[in-house]
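The values are calculated or read from the model by the stated rules, or taken from the named source; none is laboratory data. Fair warning: this is a prediction, and the values are worked out from it, not measured in the lab. FYI the Cβ positions are ideal-geometry reconstructions off the backbone, even for glycines, and counts take in every protein chain you see.
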Amino acid sequence: MIIDQYRQSKGLSYSAPARVTGVSHAAVARRWCLPSTHKDAKIPSRKFMLRIVDVTDGAFQPTSFYAVGLND
């Protein structure tokens with residue numbers, strides 16, 4: 001599962017994941033939601049990955065950011 005699928009399944013805006021993870025701007029979270037092959041896609045730092053795992057109760061795992069071609 002990619003983070004955007006999770007976000008959409010919960011009916012969340014981009015600002016919601018930004019807010020609960022402590023990111024300063026929704027644009028950062030939006031970049032996390034892009035397919036890994038997109039030129040503007042970003043991988044969260046370890047600090048934010050741990051928060052993502054925590055707030056999703058483990059539904060989303062950091063390895064999803066590295067599964068190039070498998071999660072897009």
| said: What pairs come out if I take residues in region 57-68 that are closer than 20 Å to HIS38 by Cα and pair them with residues that are modelled with pLDDT under 75 and surrounded by fewer than 14 Cβ atoms within 10 Å (Cβ to Cβ) whose C-beta lies under 8 Å away, six or more apart or interchain? | reply: PHE60/MET1; SER64/MET1
| request: Quick one: which helices (runs of 4 or more DSSP H) lie wholly within region 4-72 and hold at least 2 residues that are hydroxyl-bearing (Ser, Thr, Tyr) and surrounded by 11 or more Cβ atoms within 10 Å (Cβ to Cβ)? | output: 15-21
